[in-house]
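The values are calculated or read from the model by the stated rules, or taken from the named source; none is laboratory data. Everything numeric in this text was worked out from a predicted model, so none of it was measured. Here the Cβ positions follow ideal geometry from the backbone for every residue, glycine too, while neighbour counts run over all protein chains shown.
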Amino acid sequence: MEPRLTAGPRLAEARNHVAGRWCGAASGRSRDNRNPGDLAETVSRSADSAAADALAAVAAARAALAAWRSLGPVRRGEVVLRAARLVAERRAEFAAAITREQGKLPHEALGEVDRTVALLEFTAGEGRRLGGATLPADDPRTLALTRRDPIGVVALITPWNFPLAIPAWKVAPALLSGCTAVLKPSPLTPLTATLLVDCFVEAGAGHGVLNLVHGGREVGEALVDHPDVAGVSFTGSVEVGRAIHVAGAPRFLRTQLEMGGKNAALVLADADLDRAADAIVAGAFGQAGQRCSATSRVVVDRAVHDALVRRLAARAEALRVGPGTDPDARLGPVVSAERLHACLEGVRRATADGATVVTGGGRLTEGLPDGYFMAPTVLDLVRPDSHVAQEEIFGPVLSVITCDGPEDGLRIVNGVRYGMAAAVFTRDTSLALDALDRIDVGMLHVNRPGVGAYPHMPHIGAKESQYGPAECSPQVWDFYTELRSACISY
């Protein structure tokens, strides 16, 4: 047996896992991955795979499909539950990997591990509920029923912002449904995904059931184009999600696409401003603003605009910025030079469009390691139609937009192409319920941070934020399974 993979302080090897074997890329190529909070540290060396590696992984998944499907959902659920226990046992190790390669602060990384365990436990329990229904028959002595069958081999393409939770919430339902899978994680966070696959393999999902291929665009395109891949579950940008869907359309590839967000907090005139400010800062600057559901816009009634902006600025300025090794840090780095540039460029375009920088606005270097540290930024006087109000920045940059009452506020909140998440702050129950009816997002919150939902609730967007069934909920089976019917006369 090969030694267990670890995420210790030394350079870690993030290898592929194909047909039950840990291996490098067929080409022998690899890439080094650095700590975004301290670029002097090389965290891992990962396989830099190509199309040939993806083809081998699909072939392995195809060969394992019949035996895995025949195991049945109850036994497959036991595998998922064992994986959940292994992740829980290795909690500190996973958190260290997330902090070192993605930049999350330790408390954020531990929170991701705990959420992942909860997601896996929920999915494992679905093994005893994954079924169809008995239905009335038109004819006597006839049994009419439905059942769910796995769609086949699936490709799971995941991002860097939740390097453990998102791969887990795709791998677990894929395997429980009876599909076999190829996981392609982000090249920025290969180690965490490798550790996750290690847990699933130890739990019983080896021998081609779950395959792992590290790499970039070439790997993803090979998986999308492969005729034996029945479905692709993807989390990332709208542009890449659309390209996957278009590429697979001629062969009716099933797609599940969770894409961008430009999420708003609507603060009405009667809101508890301290409570609103606390929640908005948590939603905007938690995990350095790098969540698809992060709050990036505040739409605030003119009557309380100044008071809210003062509170937001004071809270943002109080956030200590630093790496995961700083126990007092409350805002970590962004993940890469590309993301830091996007934040700085977003601020530049915003000010060119007439916005003002209330606090932050630039890169932080003084007293910090060489890393990708962006100051928590609050922009005011942002026009609803400006670039920073319309497009995803994906970093700790918060835009404040003024509205004149609830109707104007709802119009502005809905005036973007995205529809991932939103929050409403009001003491008026009727206004809150009206917002629930009228804000076009997948996940809505009232008087609380507007990020995500509980592990057993649908993680779902609207408009260009989502295509296909929800994740993290019973609705996920509409992606990984096909509904069949049968009529049996006796």
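One table, with the values for the structure above:
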item	result
Helices (runs of 4 or more DSSP H) (entirely within the stretch 48-109) containing at least 3 residues that are in contact with a Ser or Thr (Cβ under 6 Å, 6 or more places away or on another chain) and in the same structural domain as S177 (by TED's automatic domain parsing)	51-70, 91-102
Residue in the stretch 115-133 that is surrounded by the most Cβ atoms within 10 Å (Cβ to Cβ), counting only those that are in a helix (DSSP H, G or I) and small (G, A, S)	A124
Unique match (being surrounded by fewer than 20 Cβ atoms within 10 Å (Cβ to Cβ), within 17 Å of the chain's Cα centre (by Cα) and at pLDDT 95 or above) among A432, A462, A470	A462
From the options L319, L257, residue that is of a type in the set (A, V, I, L, M, F, W, C) and either surrounded by 19 or more Cβ atoms within 10 Å (Cβ to Cβ) or assigned to a strand (DSSP E or B) (or both)	L257
Residue among P36, P73 that alone is buried (at least 17 other Cβ atoms within 10 Å of the Cβ) and more than 23 Å from W160 (Cβ to Cβ)	P73
Hey, G452 among the small types (G, A, S), at pLDDT below 95 and under 16 Å from G261 (Cα atoms) or not	yes
Per-region count, the stretch 164-194, residues crowded, with 24+ Cβ neighbours inside 10 Å and over 24 Å from P469 (Cα atoms)	5
Pair list, Cβ under 7 Å, 6 or more apart: the stretch 333-359 residue on the phi > 0 side of the Ramachandran plot, other residue surrounded by fewer than 24 Cβ atoms within 10 Å (Cβ to Cβ)	G354/L381; G354/R383
Candidates A247, A294, filtered to the one that is in the same structural domain as L188 (by TED's automatic domain parsing), modelled with pLDDT of 95 or more and under 30 Å from L175 (Cα atoms)	A247
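For (1) under 30 Å from A462 (Cβ atoms); (2) touching a residue at least 24 places away in the same chain (Cβ under 8 Å); (3) of a type outside the set (D, E, K, R), each residue gets a yes or a no:
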position: V213; (1), (2), (3): no, yes, yes
position: G216; (1), (2), (3): yes, yes, yes
position: V224; (1), (2), (3): yes, yes, yes
position: D228; (1), (2), (3): no, yes, no
position: S233; (1), (2), (3): yes, yes, yes
position: V240; (1), (2), (3): yes, no, yes
position: A247; (1), (2), (3): yes, yes, yes
